[in-house]
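Undergrad: Mind having a look at this structure? Questions to follow.
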Amino acid sequence: MSESKLAVRLELQRHPEQEPCAACSNLCVAASAAENGDAFDFRFEVEGGAIESVRFPEPLAAPEFRDGLWEHTCFEAFLGAPDGTYIETNMSPSGAWAAYDFDGY
């Protein structure tokens, strides 16, 4: 089976409804995804700005599903199919995760 990879580096943008935050200014994320067969591996690295002031959630003892991660600190990945359906994944630095199937945007 072949493996395909994607990597990007982006400056993080605060949600328009959130107040400006000095700790979140000038933060970048390096994100990569690798497909291997029927699995994906995602990696996110945050750097820059006042990273030491960013409050990351405490790690969980074991990864677990948690709904609503998109409302807080999480990374998201969207996997689309040619027919318009897609999967949204939410991944928290704590180990919490969520995945949802959608019929279209």
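One line per residue, one yes/no per condition, for (1) within 27 Å of Glu17 (Cα to Cα); (2) free of Cβ contacts under 8 Å to residues at least 12 places away in the same chain; (3) touching a Pro at 6+ places or on another chain (Cβ under 6 Å):
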residue: Glu35; (1), (2), (3): no, no, no
residue: Asp38; (1), (2), (3): no, yes, no
residue: Ala50; (1), (2), (3): yes, no, no
residue: Phe56; (1), (2), (3): yes, no, yes
residue: Ala62; (1), (2), (3): no, no, no
residue: His72; (1), (2), (3): yes, no, no
residue: Leu79; (1), (2), (3): yes, no, no
residue: Asp83; (1), (2), (3): no, yes, no
residue: Thr89; (1), (2), (3): yes, no, no
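Undergrad: Please count how many residues of region 52-67 are closer than 30 Å to Asn26 by Cβ, part of a loop (DSSP other than H, G, I, E, B) and out of contact with any strand residue (DSSP E or B) (no Cβ under 8 Å at 6 or more places or on another chain).
TA: 4
Undergrad: Right, next: Please go through region 32-47 and give me each residue that is under 17 Å from the mean Cα position of the chain (by Cα) and over 18 Å from Ala96 (Cβ atoms), ordered by number. If you could, list the steps in order and put the result at the bottom.
TA: First, the residues of region 32-47 that are under 17 Å from the mean Cα position of the chain (by Cα): 32-35, 39-47.
Once the filter is applied, which keeps residues that are under 17 Å from the mean Cα position of the chain (by Cα) and over 18 Å from Ala96 (Cβ atoms), region 32-47 yields Ser32, Ala33, Ala34, Glu35, Ala39, Glu45, Glu47.
Undergrad: Please determine, by comparing only the residues of region 9-42 that are part of a loop (DSSP other than H, G, I, E, B) and touching a strand residue (DSSP E or B) at 6+ places or on another chain (Cβ under 6 Å), which one is modelled with the lowest pLDDT.
TA: Looking at residues that are part of a loop (DSSP other than H, G, I, E, B) and touching a strand residue (DSSP E or B) at 6+ places or on another chain (Cβ under 6 Å), I get Leu12.
Undergrad: Scan region 80-99 for residues that are open to solvent by 50 Å² or more (accessible area, probe 1.4 Å), more than 24 Å from Cys24 (Cα to Cα) and not small (Gly, Ala, Ser) and report the count.
TA: Residues that pass the stated criteria total 3.
Undergrad: I'm trying to understand the selection: among the residues of region 47-75, which are at pLDDT 90 or above and open to solvent by 70 Å² or more (accessible area, probe 1.4 Å)?
TA: Glu58, Pro59, Ala61, Pro63, Glu64, Phe65, Arg66, Asp67, listed by residue number.
The values are calculated or read from the model by the stated rules, or taken from the named source; none is laboratory data. Keep in mind the model is a prediction, meaning the values are calculated, not measured. Here the Cβ is made from the backbone with ideal geometry for all residues, glycine too, and neighbour counts use every protein chain on show. With ligands, DNA and RNA removed, areas are computed over all heavy atoms of the protein, side chains included. Shrake-Rupley method; radii C 1.70, N 1.55, O 1.52, S 1.80 Å.
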